[in-house]
Amino acid sequence: MTLAALIAAGISGRIADAVAGLGAAAEAVRAWGPWAGALLVLLGAAALTASGRSRQVLAVLGGAALGACGALAARGWIAAHVGLSPGPAAALGAAVGAALGAAWPAVFPLAAGAVPGAVLGAGVPLSGRAFLGAAAGALVGALVGVAVGRPAATALASLAGGALVTTGGVALLGRRPLAAELAGRPFALAAVALLLGIAGAAYQITRGASAPGRPPPLEPPREG
C-alpha cells in the first residue's frame, strides 16, 4: 500500500469515527432529557446564523461549537483517560472553547484549523504514534486557518453548529422510537449536519461580503 493510500485510509477512518460519534452523542444527550437537546440546538443555531457577525462573536460561538464537536470526535480517548461520557465531555468542551474564544478571539482562526487537523491527523500515525500524526495535522490545519482567515473560521463554526443542531434535534425527540432510529443512522445525521453547515456558512459569508462598509470619516471644514 502506498503512502497516499495509507494517509487516505487513516483520514477516512477518522471521518467515519467522527460520523459514528454523532450517533453516540445523540444517544448520550437523549439520555439527559429534552432540555439538553434544546441547549445544543440553541448553541448550534447561533453558530449557524450569528457567529460571523464579529470577531468576538465568532470566537465565542465558534469556540463553543468546535470544542463540543472536538470532544465528541475524541470521545474514545476522553472516556479512556478522563472517564467522561460523550454528553459531559461535549458540555465541557463547549465551555472551554467558549472561554478560550472570549479570552483570545484573534486566535480562533488558528484553532479552527488546528482542531479538525489534529482529529484527522490522529488517524495517520507518524512513526507508529498517533499523537505525532495529530500534532502534524494540527500544524497544517493551523497554517490553513491562518492563511484563509475569517471565512474558513466561519465555515468551520457553521459545520460544527450543524452537528450540534442535528444532535440536539434527536435529543429533543426524547424517548420516541424515531429518536432511537435516527441515532442508529449516524451517516444520515452527518448528511443533515453537513447540509445545515454549508447553508449556514454560505449565508454568513455572503452576508458579510454584501454588508455595507463603514462610511468614510468626515473631514473638518477647510478654512477659506
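A few points about this structure:
- Among the conditions (1) under 23 Å from residue 20 (Cβ atoms); (2) surrounded by 12 or more Cβ atoms within 10 Å (Cβ to Cβ); (3) modelled with pLDDT under 85, the only one that residue 158 does not satisfy is (3).
- Number of positions in the stretch 123-163 that are within 18 Å of residue 203 (Cα to Cα), touching a Leu at 6+ places or on another chain (Cβ under 9 Å) and of a type outside the set (S, T, N, Q): 9
- Residue in the stretch 136-144 that is surrounded by 16 or more Cβ atoms within 10 Å (Cβ to Cβ), modelled with pLDDT of 80 or more and either of a type in the set (Ser, Thr, Tyr) or not in a helix (DSSP H, G or I) (or both) present: no
Residue-by-condition table, conditions (1) crowded, with 24+ Cβ neighbours inside 10 Å; (2) under 22 Å from residue 151 (Cβ atoms):
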{"site": "27", "(1), (2)": "no, no"}
{"site": "31", "(1), (2)": "no, no"}
{"site": "40", "(1), (2)": "yes, no"}
{"site": "47", "(1), (2)": "yes, yes"}
{"site": "56", "(1), (2)": "no, yes"}
{"site": "59", "(1), (2)": "yes, yes"}
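- Taking every residue in the stretch 36-62 that is within 12 Å of residue 204 (Cβ to Cβ) and pairing it with any residue that is aromatic (Phe, Trp, Tyr) and surrounded by 17 or more Cβ atoms within 10 Å (Cβ to Cβ), at least 6 positions away or on another chain, the pairs with Cβ-Cβ distances below 8 Å are 58/108; 62/108.
- Selection within the stretch 145-177 - free of Cβ contacts under 8 Å to residues at least 60 places away in the same chain, part of a helix (DSSP H, G or I) and not aliphatic (A, V, I, L, M): 145, 151, 177
The values are calculated or read from the model by the stated rules, or taken from the named source; none is laboratory data. Computed from a prediction, not measured in an experiment: that's the story for all the values here. When we count neighbours, we look across all protein chains shown, and the Cβ atoms used for this are built from the backbone with ideal geometry, even at glycine.
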